[in-house]
Amino acid sequence: MALSLPRLDPSTSLWNLLTTGTTNDDGRCPGLITREAFTPAVYKMRFETGRVRESLGETSFYPYVEIGFTITDHSQKFHVPLLCSRFSYSPYRGS
Amino acid sequence: MSSTLPDSPLTTYVLNTGDGVPGARMALSLHRLDSLLVIWKLVTVGTTDEDGRCPGLITKEAFKPGMYKMRFETGQYWESLGHTSIYPYVEIVFTITNHNERFHLPLLLSRFSYSTCRGS
């Protein structure tokens, strides 16, 4: 699944794209961001769920899933898992 | 509690699962993607009632097939309760192909997770 990680620039209120990636066979995407780049800010992770469903010959209620989240303590590890199906999804904060 | 608003084909329900109460008095907005200009156009703004619901979101006539986004001001909501949350807002983007059906978009929300599904 293709995904992307923009960061919100508070001075311009614009989203700046930091990384794009694709999940591997395990559904993971290593190497998303370096510790130095992971500054406190609002980020969003966008998952191209609709495209994955299409490639499987299915429709999906959700063309994509975007999860906005706030990072205050960037020394911690952040895990943003996404449980998704054609008609539901659920992110939660992991570590 | 009866509503004088016309029946909306799109409904929502917010539940604060962390505290086990309805997500009351949460600001939200409904947007539709203008497919020509590829920008989001605001359709409705509202606030959930004491029950976590927001009647009268959209009329049947306005509910055309297209891509919509429901945005919940969850960050403000948690702040008003004296909490922080990692989610400054929740935006749910969904596609409507058959606008004659009813769509229910529940949001189960805690400070560190949320869940949505398509209901009717």
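The values are calculated or read from the model by the stated rules, or taken from the named source; none is laboratory data. Quick caveat: nothing in here was measured; it's all calculated off a predicted structure. Because the Cβ atoms are built from the backbone with ideal geometry, glycine has one as well, and the counts that use them run over all protein chains shown. Heavy atoms of the whole protein, side chains included, go into the accessibility calculation; ligands, DNA and RNA do not. Shrake-Rupley method; radii C 1.70, N 1.55, O 1.52, S 1.80 Å.
In the range B:98-106, the condition of being exposed (fewer than 14 other Cβ atoms within 10 Å of the Cβ) and away from every other protein chain (no Cβ under 14 Å) is met by at least one residue. Assessment of the range B:62-69 against the conditions (closer than 28 Å to residue B:18 by Cβ, buried (at least 18 other Cβ atoms within 10 Å of the Cβ) and hydrophobic (A, V, I, L, M, F, W, C)) yields no matching residue.
So how many residues does the range B:75-86 have that are at pLDDT 95 or above and either within 8 Å of chain A (Cβ to nearest Cβ) or open to solvent by less than 20 Å² (accessible area, probe 1.4 Å) (or both)? So the answer is 3. The set of residues from the range A:46-85 being touching a helix residue (DSSP H, G or I) at 6+ places or on another chain (Cβ under 8 Å) and either at the interface with chain B (Cβ under 8 Å from one of its Cβ atoms) or in a loop (DSSP other than H, G, I, E, B) (or both) comprises A:59, A:60, A:62, A:63, A:64, A:65, A:70.
Just give me the residues in the range A:41-95 being polar (S, T, N, Q) and open to solvent by less than 20 Å² (accessible area, probe 1.4 Å), in sequence order. Of everything in the range A:41-95, just one residue is polar (S, T, N, Q) and open to solvent by less than 20 Å² (accessible area, probe 1.4 Å), namely A:49.
One residue stands out among those in the range B:107-120 that are more than 9 Å from chain A (Cβ to nearest Cβ) and modelled with pLDDT of 95 or more: the one that is nearest to residue B:40 (Cα to Cα), which is B:107. For the range B:50-57, state whether one or more residues are assigned to a strand (DSSP E or B), in contact with a strand residue (DSSP E or B) (Cβ under 9 Å, 6 or more places away or on another chain) and either within 14 Å of chain A (Cβ to nearest Cβ) or open to solvent by less than 70 Å² (accessible area, probe 1.4 Å) (or both). No - not one qualifying residue is present in the range B:50-57.
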